[in-house]
Every structure is written in C-alpha cells, then in structure tokens.
Amino acid sequence: MVSAEFGSFGAAVRRWRDQVTPESAGLAAVGRRRAAGLRREELALLAGVSADYVVRLEQGRATHPSDQVVEALARALRLSPAERAHLFRLAGLAPPGPGRVPATLTPSVHRLLERLTGTPVAVFDAAWTLLLANPLYTALMGERPSWRGHGRNGAWWTFLGPPGRVRQDARARRAMEAALVSDLRATAARYPADPRLGELIAELRAGSARFARLWESGAVGRHEAARKTVDHPQVGPVTLDCDILTVAGDEVRVMVYTAEPGTADAARLDRLARSAPARPGTAPPAATSANSTAVSIT
C-alpha cells in the first residue's frame, strides 16, 4: 500500500529506508542505532550510489535521478511492484512497462545471495546486465572503474571491455560468445521494444566485429556448466565450476562458482572468503559510484 505521506521522491526514499532493517537487507547491524531502518550509507552501499547522492536525493537537491538509479534504489529498498512504479512516477519517470527487460528481484533471490556467503554468486537480468553480486564474487573477479552506458552489462564486457581474470582457451571462449549472442537474440525477440536492449545490441554490432558476425550468422548456443580458472592477484589461480541457473518465473540468471571440496582451490576460495567484506555486493548505476563489480560473463 502506497501512503499519501510519500509525497516527494526524497520523502518516499527516506520513509522506505526507515522500514528496511539491516538484517533483512543482509547487513550486520553494527553499533548503536537511533532507528531500526537502514542508514543512508547502507542504502547507498546496497544501491551502488554514493552516500552524498542519497543525502541530496532525500533533501531534494538532486531532482533528476536516472531510471537506473531509481531501479537500483527500488531493489535495495525491496519495494513491491506498485511501490516501485510509484517511486518512478515521483522521479518524473514512466515506470518500466511489460515491454522492458525486467530488472526486479524477488525476495527469494535476495535470500539466496544472503545465504550463499561462502560462494561467489552474481545475478543478471535477461540481457546480462548485472543486478546484484555478493562480496565473494566481487573479491574473486575484482572491481573495475565505473563505465557509463552499458558498462554493467556482461555482453558489453565480453566483447568490448578489457580482459578479465578468467583464463580461457580459444574453444571455450568461442562457445561462450556464441551462447551469449544466442541468449541476447532470444531476449531481443521477447522484448523488441526495450530501448536499452536495442541500444546495447546496436553498440555491440558497431563495436565488435566478432559480435556482428555471430549476430548476423544466426549462431546459436547455450550456456553449459564450465570449469574455469581465475587468476587472482592475492590467492593465486583458483579453478572453479561455474553454473548458470535460471529462476522459475523470473527473467534472471544466477551465476554460481563452486570449488571441489578438499582441494587446494577450495582452500584458496575459503581464504578469499575470509578477506571479503561482510556485505552484499551491488551493481552500481553508471556515473554515480566510484567502482563497479567486474561484469564479464567469463
């Protein structure tokens, strides 16, 4: 139920922030707290924006948040579909309609990330844009400088971004690229009116000859379970099994990395987990955060 008190964007964010406990958002409640809800710094962390930006939004000094920022705040605040639509309207934006690639996460997906603290996990939408990543995924894959536009998209990183930490032979790389293009083609068929998806595909076709050839050839493929080696600068090479799961009824892909128990790789992953911050990772909206999670599909 949307309250009449939520009369401005800043007021709505502030009141919804007060209603989300740190525990429900997967955060540890540290120190003395004047209220049960999230602090501004915690909301900023969950949404991938700066704390100063949250302050300016709540005080009405930042008056034109982008749709990416509003979407990130709605996810961090765990808003219902009606509340999310209301927040978009308060920002002066049209709520994403049924013709757009969904970017919302169900509570069950949030809980999945919260509970898999010892496992690197990232959640992508149907266009392979990163929605959430847990701290161990970020620690494993590293953080990269923020990129504008489609910098949070895994397909963009795969075809146009700099090399990541995952070591791949040519055969595995070709199979992954074909599967990714096939996946994007199927998503574009389901959401032909999504403007951001159309812009992403146009940019990839213009900027990557490899993507353009695969797209025009009608290449098909599907994501398979894979064994990958991540060259980590602190713990050394870590060989992990990578599985991509789909959530029934949701347009999201959950990428999970696991190590074979009792191996040196499992020990390295455990060591990395102990050094990772005990907080959820996020996918920062471009140009509002200093860093973003590495988003290569590899």
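The values are calculated or read from the model by the stated rules, or taken from the named source; none is laboratory data. Worth saying up front: this structure is predicted, and the values here are computed from it rather than measured. When we count neighbours, we look across all protein chains shown, and the Cβ atoms used for this are built from the backbone with ideal geometry, even at glycine. For the accessible areas, the whole protein counts, side chains as well, though only heavy atoms, and no ligand, DNA or RNA atoms are used. Shrake-Rupley method; radii C 1.70, N 1.55, O 1.52, S 1.80 Å.
Could you list the GluC sites (Glu not before Pro) in segment 21-104 that lie in coil according to DSSP, counting only those with at most 12 other Cβ atoms within 10 Å of their Cβ?
Answer in residue order: E23.
Length gain on complete extension for the stretch A209 to E41, per 0.36 nm per residue less the alpha carbon to alpha carbon distance?
56.3 nm is the gain from fully extending A209 to E41.
Ignoring ligands, DNA and RNA, what accessible area per residue does the chain give at 1.4 Å, in Å²?
For the chain, the solvent-accessible area averages 47 Å² per residue.
Please work out the Cα convex hull volume for segment 4-125 and give it in Å³ per residue.
Cα-based convex hull of segment 4-125, divided per residue, equals 113 Å³.
How much net charge surrounds Q168 when only the other residues with a Cβ under 12 Å from the Cβ of Q168 are counted, with Lys and Arg +1 and Asp and Glu -1?
Summing Lys/Arg as +1 and Asp/Glu as -1 gives +4.
What are the semi-axes of the equivalent ellipsoid for segment 65-147, taken as the square roots of 5 times the Cα gyration tensor eigenvalues, largest first, in whole Å?
Listed largest to smallest, the semi-axes of segment 65-147 are 25, 15, 11 Å.
Per q in 0.06, 0.10, 0.12, 0.13 Å⁻¹, report the Debye log10 I(q)/I(0) for the chain, using one uniform scatterer on each alpha carbon and no solvent.
One equal scatterer on each Cα of the chain leads to -0.20, -0.55, -0.79, -0.93.
Sum -39500 (n - 2.57) across every DSSP H segment of at least 4 residues in the chain, then divide by the residue count to get the 222 nm mean residue ellipticity, nearest 500.
Result for the chain: -12500 deg cm²/dmol, rounded to the nearest 500.
Rounded to the nearest 20 Debye, what is the dipole magnitude of the chain about its Cα centre when Lys and Arg each give +1 and Asp and Glu each give -1 at the C-beta?
400 debye
Considering only the other residues whose Cβ falls under 10 Å of the Cβ of V20, what net charge follows from Lys and Arg at +1 and Asp and Glu at -1?
Taking every other residue near V20 into account, the sum is -1.
Please state the shape class of segment 164-244: rounded when a/c is under 1.5, otherwise prolate if a/b exceeds b/c and oblate if not, all from the C-alpha gyration tensor.
Prolate.
At S8 and V247, where each label point lies 7 Å from the Cα along Cα→Cβ, what is the point-to-point distance in nanometres?
The modelled label-to-label distance comes out at 3.4 nm.
Can you give me the % of accessible surface on the chain that is carbon or sulfur? Probe 1.4 Å, all protein chains present, nothing else counted.
52 percent
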